[in-house]
Structures are given as C-alpha cells and as structure tokens.
Amino acid sequence: MTQSAFTGQGTTRRAVVTAAGAAGLAATLAACGKDDNSGGSDSDNAGSAQDAGGSQPSQSAEGGGQSAGGDGMELAKTSQIPEGGGMVFKDHKVVVTQPTAGEFKAFSSICTHQGCSVGDVTGGTINCPCHRSKFDITDGSVKGGPAQKPLPGAQIKVQGSSIWMA
C-alpha cells in the first residue's frame, strides 16, 4: 500500500477515507438536529383574540419580549399571526398558528421525523424543509411526508393582543 506524507506512519488511505466519511455523517446528523422530541400528543392550546386578517404566507420569527409579570415570554402580537397560517419561533422551539379567526394553536417546532426544525407555515400546513413532512395547523397531525407522529402541542396564553409562552 502506498502511504502519503499527510497520512502519517501506519495510516492507510482507507482509514483516512473512512474517517472523513464518518465526520461527514456526523455533520449531517448534527445539521438535522438529531434531538428528536417525537412524543406525539394532543394539543392543549389557548384560545381566542383578535383577527389577524388575510391568508398570507407566514414567516419565521426570532425572539420576543420579556414578560413584565413573569407569565412567560411574549412571542408575538396576535396581528402578526396570519389567519390560516402561522409563525415559527425558532428560539423558543414553538410554532403558533391561527387556523380560524381568533383561534390560536401552538405546537413544537421540532419535526417528529428526524428532529429538524420546521421552516414555515403555508397552505394550511406546518412544513419541514429537511424531508418535506407536513403537519396540519389545527391539530399538528401528519398531512404528508415521512413523519409518522403529530407535532406535540405547546402551551401558549393569549392576553389581549399578545401571545405569550405559558
């Protein structure tokens, strides 16, 4: 066998290629967020506020404001969540939807297939970009793709025009 100056004494080309492949696999699994929180459960979500109006594509959101009274974290204003759509809050690992006017639901934003973070909410579904799983905005049930379990529900609280983590 031929050895390269880069591989050192006793290290074969096969060992180097195998190690590189293992490192690539580890990076791929880390990018998919192998932290699979796949416990499927019913959604127990808070209820009603004002109409956000219009069916527009949703966006991802980062952050939210601090609560003045320690009631959790303010995620968004109800007007920011489109009717028939939703918004992903990656920092809080939650997606908030508004299936019908004034009805707000929340689910884990971690896909139950392989632990990727869902990317957006469009066309009445919560969509995972990794393997194209789709979940219903009303109950988190699987609507398509390789996922077999629904998105677990998350607790939110709607107070006036604000949506808070419960």
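The values are calculated or read from the model by the stated rules, or taken from the named source; none is laboratory data. Keep in mind that this is a model prediction, so the values were computed, not measured. Every residue, glycine among them, receives a Cβ derived from its backbone with ideal geometry; neighbour counts consider all protein chains shown.
Identify, please: which residue in region 102-117 is closer than 21 Å to Glu74 by Cβ and of a type in the set (A, V, I, L, M, F, W, C) and is, among those, nearest to the chain's Cα centre (by Cα)? Applying the filter and picking the extreme gives Phe107.
Look at Lys143 and say whether it is closer than 18 Å to Gly72 by Cα and either in a strand (DSSP E or B) or touching a Phe, Trp or Tyr at 6+ places or on another chain (Cβ under 9 Å) (or both). So Lys143 fails the test.
Output yes when any residue across region 116-129 is crowded, with 20+ Cβ neighbours inside 10 Å, touching a Leu at 6+ places or on another chain (Cβ under 9 Å) and either in the same structural domain as Gly72 (by TED's automatic domain parsing) or at negative phi (or both), and no when none is. Yes.
Somewhere in region 73-86, is a residue at pLDDT below 95, assigned to a strand (DSSP E or B) and either of a type in the set (Ser, Thr, Tyr) or under 12 Å from the mean Cα position of the chain (by Cα) (or both)? Among the residues of region 73-86, not one is at pLDDT below 95, assigned to a strand (DSSP E or B) and either of a type in the set (Ser, Thr, Tyr) or under 12 Å from the mean Cα position of the chain (by Cα) (or both), which makes the answer no.
Considering region 87-103, the residues that are touching a residue at least 40 places away in the same chain (Cβ under 8 Å) and assigned to a strand (DSSP E or B) include one that is surrounded by the fewest Cβ atoms within 10 Å (Cβ to Cβ), namely Glu103.
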